Amino acid sequence: MKFHQKKPVPNSLRVVLISILLLFAAEQYAYAQVQPVVDTLKTTSIKKDTTNTQYDVGDLFSSIFHPKKKNNTSSKKSPVTIIPNVAYNPSIGAQIGIKAVAGKILGKKPNTLMSIAATSASITTKGIIYVYLNHNVYTPGNKWNLQGSLVAAKTVVPDFGLGIGNAAQGSEADLVLTNPDRKGYVLHAEYYNFREKIYKQVQPGLFLGAGVSFEIRRKIEDRGNTNELTPYNIYSDRYGFNRDHYQSNGLLFNIQYTTRDNQNRAYKGIYADAGIRINQTWMGSTKNAVQITTDFRKYWSLSDRNPEHVIAFWNWGSYLVSGALPYLELPGTGRDTYFRSGRGYTITYFKGPQYFYSELEYRFPITRNKFISGVTFFNIQTANDKLGTRLFEQWQPAGGAGLRILFNKATRTNLCLDYAIGKYGAKGLFLGLTEAF
């Protein structure tokens, strides 16, 4: 078959290279369009803060427990939100824990973007224990941007095979690996991750960065299946990974461009990041690999009077260029940085060495005080499987709608409740803090 023939430059790699070129072209065009606006903002007065006209959960609690207390419009809201970490989605079940999200501008507006930090400890009804600390910090004047995370977890990962749902025309093992009937498997493991990237601003909004990532999984097992023919076992044996444990450690090099007005919930602007990850055995990685990732987000505010009316677009892609990735580290549904992509499906429902995802969302206020708002969204995704189905050959859609409750107006932090529907009977509620993108 043609897809087994060795070619000097695979079609999928051409697609990746073309996508990267288009992304950088878009970045340069965006810079040319937005920079005059940024320069204008630097020389004019900042618009009046309208947060005091908004109503959030803190105001609700104050009206319930301190009904006679007068609202001090001159006081500033705390930039820290501490709440029970209640969440739900089909991947994790119901979750309970505690979470803190903080946002603060470390320099002067509008020359410095808001810095965000979050930490959480939680447990779910599916036996997942997850503790993390992450940050996205901009120093005064945006001279430096530090992005990182630290995770320790006991994971329970649903598995639906490799690829996008097409059946492989080959051996029984190939058919099990692609899992066209979307039979559900469950993989248990211990997971540890440390990631840190440091970006240097080279032009307003344009950053160059480098970093490291260490991902370790131990005690991997499918407790509910004694059959040797499972997607995880087949893939691990074919590509030389130990079924019980592995490490995926590498160097990160990125270029980032951003003009978003807020990192939690943007009304306008662009975020673009393109990077290369180089897994190296000398760093402890089980296998060498080279992987390209792209992340592009664009926000359009539809109203000057009510800027919360927003059209938001997101594209995320990850493309293996050489080497091999462990099965549980393959890019796929929900495998973006904050595990928010692919609403309508469980995490890694679709995955492959090369993966492409896009989403469009409309955000709108419902109440005049902006306490309640809503969203509608639609997403599509595609992946290859190295068994006949190529990237962009088949697409899987999902869509839904949701409500937003304003938790902290100072940082534009929302509680998000979404209901989404996909194919193969996939559907469910998705509850979380902050927007999906």
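The values are calculated or read from the model by the stated rules, or taken from the named source; none is laboratory data. What you see is a predicted model; the values in this text were computed from it and never measured. Backbone-built Cβ (ideal geometry, glycine too); neighbour counts: all protein chains shown.
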Original post:
Among the candidates Gly374, Gly402, Gly432, Gly428, which residue alone is surrounded by fewer than 16 Cβ atoms within 10 Å (Cβ to Cβ) and either assigned to a strand (DSSP E or B) or touching a His at 6+ places or on another chain (Cβ under 9 Å) (or both)?
Top reply: Gly374
**OP:** Those residues that are more than 21 Å from Tyr424 (Cβ to Cβ) and surrounded by fewer than 23 Cβ atoms within 10 Å (Cβ to Cβ), I need them from segment 347-360; list them, please.
**Re:** Leu360
Original post:
Checking Ser171 against (1) over 28 Å from Gly97 (Cα atoms); (2) crowded, with 20+ Cβ neighbours inside 10 Å; (3) not charged (D, E, K, R), which single condition isn't satisfied?
Top reply: (2)
**OP:** Go through (1) of a type in the set (Val, Ile, Thr); (2) buried (at least 19 other Cβ atoms within 10 Å of the Cβ); (3) over 19 Å from Ala87 (Cβ atoms) and name the single condition Val157 misses.
**Re:** (3)
Original post:
Does Val156 fit the bill of being modelled with pLDDT under 95, within 26 Å of the chain's Cα centre (by Cα) and farther than 22 Å from Thr337 by Cβ?
Top reply: no
Subject >> Residue check for Asn233: in contact with a Ser or Thr (Cβ under 6 Å, 6 or more places away or on another chain), on the phi < 0 side of the Ramachandran plot and not acidic (Asp, Glu) >> reply: no
Original post:
For segment 193-231, how many residues are farther than 23 Å from Val290 by Cβ, surrounded by 14 or more Cβ atoms within 10 Å (Cβ to Cβ) and of a type outside the set (Val, Ile, Thr)?
Top reply: 7
Original post:
Restricting attention to segment 380-399, and to residues there that are touching a residue at least 24 places away in the same chain (Cβ under 8 Å) and assigned to a strand (DSSP E or B), which single residue is surrounded by the fewest Cβ atoms within 10 Å (Cβ to Cβ)?
Top reply: Pro397
Original post:
Among Val310, Val321, which is the only one that is touching a residue at least 40 places away in the same chain (Cβ under 8 Å) and over 30 Å from Arg368 (Cα atoms)?
Top reply: Val321
